[in-house]
Amino acid sequence: MNDDLRDRLRGAFRWTDPGPPADYLVSDRSGWWRDPAILDGLGPALAGLFRADRPTVVVSPEVTGFLLGPLVARALGVGFVEAYRAGARRAIAEPMIWAEVPADHRGDVQHLGVRRRLLADDDRVLVVDDWASTGSQARGLRELVGNRYLGTAVILDECPPAVTAELTIRSLLGGADLDPA
Ligand SMILES: O=P(O)(O)OC[C@H]1O[C@H](OP(=O)(O)OP(=O)(O)O)[C@H](O)[C@@H]1O
């Protein structure tokens, strides 16, 4: 099952060239959500990476995480909590827990926040996202949830191995699987 899903993920992914002055390629992940077999398989596949750790809640950063996190939460039979990026929308008028996200793959420092009342002291938190590049989102959310953190499940992990190990990141694909060369 997962081998078929990995093949589909590789096939539906594109690197796109934004053209000058950019001298880099941009990942286009939209084909992943457009393929019904991928959309059907992603939740159970990502959930399977951490099922034995018995998560009680999934937390994901906006915006792609808001698409993926609920698929994984549903596969685990648990609920989902949004982690909002500060400044991306109107302030939420409820008590929040905030954490700084160290400079990420874009070089920006951000802040992620969740509604305080949605996390219990004894929750076991699985972070879910589509992609780990530097591990900054995972690091920020680990800081935010503290010792409730179990790990992070992503579709693709291209972090240095030491970061992957430190943050307990598990993935369906590694960076070499989508090598643009
Ligand atoms: O490991 P990191 O360096 O933290 O990078 C990973 C983040 O980068 C992408 O987000 P992006 O900024 O493209 O936002 P999006 O979710 O709005 O697409 C991806 O969805 C992760 O959230």
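The values are calculated or read from the model by the stated rules, or taken from the named source; none is laboratory data. Worth saying up front: this structure is predicted, and the values here are computed from it rather than measured. Here the Cβ positions follow ideal geometry from the backbone for every residue, glycine too, while neighbour counts run over all protein chains shown. Accessible surface areas use protein heavy atoms only, side chains included; no ligands, DNA or RNA. Shrake-Rupley method; radii C 1.70, N 1.55, O 1.52, S 1.80 Å.
Here is how the numbers come out for the structure above:
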{"read-out": "Ile92 - accessible surface, heavy atoms, 1.4 Å probe, Å² rounded to 10", "value": "40 Å²"}
{"read-out": "Long-range HN-HN contacts of Ile169 with modeled amide H, under 5 Å", "value": "Thr152"}
{"read-out": "Per DSSP, loop trypsin sites (Lys or Arg not before Pro) in segment 75-181 with at most 12 further Cβ within 10 Å", "value": "Arg89, Arg90, Arg106"}
{"read-out": "Global geometry of segment 1-54, whether rounded, prolate or oblate, following the gyration tensor of its Cα atoms and the 1.5 cut on a/c", "value": "prolate"}
{"read-out": "Sites Arg14 and Arg54 - FRET efficiency at Förster radius 41 Å, r taken between beta-carbons, to 0.05", "value": "0.70"}
{"read-out": "Table column - 3J(HN,Hα) (Hz), segment 82-87, Karplus curve with 6.51, -1.76, 1.60, x for Gly and Pro", "value": "7, 10, 8, 8, 4, x"}
{"read-out": "Under Karplus coefficients 6.51, -1.76 and 1.60, residue-wise ³J(HN,Hα) of segment 106-115 in Hz, glycine/proline x", "value": "8, x, 9, 8, 10, 10, 10, x, 10, 5"}
{"read-out": "Cleavage-rule hits, chymotrypsin sites (Phe, Trp or Tyr not before Pro), segment 1-48, DSSP coil, Cβ neighbours within 10 Å at most 15", "value": "Tyr24"}
{"read-out": "Antiparallel bridge percentage (DSSP; both residues within segment 32-133; nearest 5)", "value": "50 percent"}
{"read-out": "Long-range amide H partners of Gly135 with built H, under 5 Å", "value": "none"}
{"read-out": "Built amide H within the under 5 Å cut-off of Tyr149, gap 5+", "value": "Val125"}
{"read-out": "Computed accessible area, Glu166, all protein chains, 1.4 angstrom probe, square angstrom", "value": "90 Å²"}
{"read-out": "Shape of the chain, Cα gyration tensor, a/c cut at 1.5", "value": "oblate"}
{"read-out": "Distance between segment 143-168 and segment 70-132 - C-alpha centres, whole angstrom", "value": "14 Å"}
{"read-out": "Net length gained if the chain between Arg106 and Arg6 were fully extended (0.36 nm per residue, minus Cα distance)", "value": "33.4 nm"}
{"read-out": "Ala37 versus Ala88: modelled label distance in nm, points set 7 Å from Cα along the beta carbon direction", "value": "3.1 nm"}
{"read-out": "Chymotrypsin sites (Phe, Trp or Tyr not before Pro) within segment 76-181: DSSP coil, no more than 12 neighbouring Cβ in 10 Å", "value": "none"}
{"read-out": "Antiparallel bridges, percent of DSSP beta bridges restricted to the chain (to nearest 5)", "value": "35 percent"}
